[in-house]
Amino acid sequence: MVRRRSTRRIATSPPPDPPYLWSSGKLVPWAEATVHVSALAWTGVSAVFEGIRAYWNQGEEEMYIFRLQSHLHRLLDSMKLMRMSSPYSPSELTTAIMDLLKANQVREDTYIMPLAYFGGSVPGYKAAYQQPGEVLITTRPLASNARSNRGSHCCISSWVRISDNVMSPRAKSISNYQNSRLVSTEAQINGYDAGIILNPQGKVAEGAYACVFLVRDGVAITPGVTAGILEGITRDTVIRLFRDVLRMPVEERDVDRTELYVAEEAFFCGTYFEIEPIVSVDRYLVGSGRPGPLTRKLRRLYQGIVRGEDRGYTQWQTPVWHSS
Ligand code: PMP
């Protein structure tokens, strides 16, 4: 197969800043939310965050936040693993996110990022046991990837996934992302779109920023929650769609890298990537080398659900503008 360079484009002009962010209980004008430069170096060490998407439904003139409660649950789990107590309950954080989206007049596909960190003058690596965290929430416009159907050319990374007894991948901690970054930059420098990372046992863990699925002989397969993955909310959504809608068996189990080479279909899934076809791994074509039929079907189903068009999943759809 001909080696091709990655054609993924890097956005050059960021969208304009929103009017407000939410910081420790208050809506703060964007430009006034500053910290002293000396806080930069160590603050992030124990910070944890969530990446949540909200989708604009034009027909209903409504925004739907996708699986908000699952994301807040995971945020609190991540804080707990950092031994950071939360001053805010899930319902208070829900209100904060709703208030912020309304203050920012958000009416387009958006990324919502709550970040929990040790504030004050205590650097993150020294923060005391059970000290409460601070929470900051920002929103940014982020269009869905639904229209792109090209698929990712991937490699198996030479980097190894962090593990539960080192830095738990189960926490969505800022520090863990150095591992992901090494994987994705290595892949791109070597002409691939994305990297897939193996755990210390040599089994497939996940992509740099997304979980991995493959299909073999009519069975959907994904690495289990002890394989060194972030317990993905999209992964859970996809498992349910495979079982409940596509009526296919799903196996959560160890996955060898060569299973990806011989898979009929494979894809990444995550809040940011949504469902992104994997079309080759280490230059082995996955299936026909084009997004497979099940992957395409899942992408359509997923878009209907996240955008609030499919009303079979209202428990996952939090409306913003017409909420009571
Ligand atoms: N793994 C990693 C390392 C990630 O950063 C993400 C994105 N949050 C995922 C998996 C997918 O998780 P989710 O579906 O909850 O976004």
message: Taking the conditions exactly as written (within 13 Å of the ligand (Cβ to nearest atom), farther than 24 Å from Ala146 by Cβ and small (Gly, Ala, Ser)), does Ala208 satisfy them or not?
response: no
- request: Inspect the range 91-111 for any residue being out of contact with any Phe, Trp or Tyr (no Cβ under 8 Å at 6 or more places or on another chain), at pLDDT 95 or above and small (Gly, Ala, Ser) and give the result as yes or no.
  value: yes
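Does the range 262-280 contain any residue that is over 26 Å from Ser175 (Cα atoms) and without any contact (Cβ under 8 Å) to a residue 12 or more places away in the chain?
Pass one, the range 262-280, residues over 26 Å from Ser175 (Cα atoms): 262-266, 277-280.
Now narrow it down to the ones that are without any contact (Cβ under 8 Å) to a residue 12 or more places away in the chain: none.
Scanning the range 262-280 turns up no residue that is over 26 Å from Ser175 (Cα atoms) and without any contact (Cβ under 8 Å) to a residue 12 or more places away in the chain.
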query: How many residues does the range 300-324 hold that are among the polar types (S, T, N, Q), over 12 Å from Glu62 (Cβ atoms) and surrounded by 17 or more Cβ atoms within 10 Å (Cβ to Cβ)?
result: 1
query: Counting just the residues of the range 147-182 that are among the basic types (Lys, Arg) and away from the ligand (no atom under 12 Å from the Cβ), which one comes out modelled with the highest pLDDT?
result: Arg150
- prompt: From the set of residues in the range 220-245 that are crowded, with 21+ Cβ neighbours inside 10 Å and over 23 Å from Lys297 (Cα atoms), which is farthest from the ligand (Cβ to nearest atom)?
  reply: Ala227
message: Taking the condition of being under 14 Å from Gly207 (Cβ atoms) and in contact with a Lys or Arg (Cβ under 8 Å, 6 or more places away or on another chain), how many residues in the range 217-256 meet it?
response: 7
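Suppose the filter is in a loop (DSSP other than H, G, I, E, B) and of a type in the set (A, V, I, L, M, F, W, C); does Ile156 pass it? If you could, list the steps in order and put the result at the bottom.
Values: in a loop (DSSP other than H, G, I, E, B): no; of a type in the set (A, V, I, L, M, F, W, C): yes.
So Ile156 does not fit the description; no.
Could we say that Thr43 is among the β-branched types (Val, Ile, Thr), under 19 Å from Gln317 (Cβ atoms) and surrounded by fewer than 22 Cβ atoms within 10 Å (Cβ to Cβ) here? Show your work before the answer.
Working: among the β-branched types (Val, Ile, Thr): yes; under 19 Å from Gln317 (Cβ atoms): no; surrounded by fewer than 22 Cβ atoms within 10 Å (Cβ to Cβ): yes.
Spelling it out, it is not the case that Thr43 is among the β-branched types (Val, Ile, Thr), under 19 Å from Gln317 (Cβ atoms) and surrounded by fewer than 22 Cβ atoms within 10 Å (Cβ to Cβ).
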statement: Leu182 meets each of (1) surrounded by fewer than 22 Cβ atoms within 10 Å (Cβ to Cβ); (2) in contact (Cβ under 8 Å) with a residue 12 or more places away in the chain; (3) part of a loop (DSSP other than H, G, I, E, B) with one exception, condition (3)
task: Starting from the range 61-77, keep only residues that are part of a loop (DSSP other than H, G, I, E, B), then list their pairs with residues that are away from the ligand (no atom under 11 Å from the Cβ) whose Cβ atoms are within a distance under 8 Å, requiring at least 6 positions of separation or different chains.
output: Glu61/Arg107; Glu61/Trp321; Arg67/Trp316
- request: Determine whether the range 125-134 contains at least one residue that is away from the ligand (no atom under 16 Å from the Cβ), farther than 24 Å from Leu81 by Cα and part of a loop (DSSP other than H, G, I, E, B).
  value: no
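From Asp217, Asp193, grab the single residue that is in contact with a His (Cβ under 7 Å, 6 or more places away or on another chain) and either surrounded by 22 or more Cβ atoms within 10 Å (Cβ to Cβ) or over 30 Å from Leu40 (Cβ atoms) (or both).
Residue meeting the stated conditions: Asp193.
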- prompt: Looking at Arg247, Arg240, which one is among the charged types (D, E, K, R), part of a loop (DSSP other than H, G, I, E, B) and either modelled with pLDDT under 95 or farther than 21 Å from Trp159 by Cα (or both)?
  reply: Arg247
query: Can you tell me which residues in the range 280-324 are part of a loop (DSSP other than H, G, I, E, B) and under 30 Å from Thr95 (Cβ atoms)?
result: Arg307, Gly308, Glu309, Asp310, Val320, Trp321, His322, Ser323, Ser324
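When residues of the range 78-95 are filtered for being under 21 Å from the mean Cα position of the chain (by Cα) and either over 15 Å from Gly51 (Cα atoms) or without any contact (Cβ under 8 Å) to a residue 40 or more places away in the chain (or both), how many remain? It would help to see each step written out before you state the result.
To start, the set of residues in the range 78-95 that are under 21 Å from the mean Cα position of the chain (by Cα) comprises 78-82, 90, 93-94.
Now narrow it down to the ones that are either over 15 Å from Gly51 (Cα atoms) or without any contact (Cβ under 8 Å) to a residue 40 or more places away in the chain (or both): 80-82, 90.
Summing the residues that are under 21 Å from the mean Cα position of the chain (by Cα) and either over 15 Å from Gly51 (Cα atoms) or without any contact (Cβ under 8 Å) to a residue 40 or more places away in the chain (or both) in the range 78-95 gives 4.
The values are calculated or read from the model by the stated rules, or taken from the named source; none is laboratory data. Nothing here was measured: the structure is a model prediction, and the numbers come from that model. In this analysis, Cβ positions are derived from the backbone assuming ideal geometry, glycine residues included, and neighbour counts consider all displayed protein chains.
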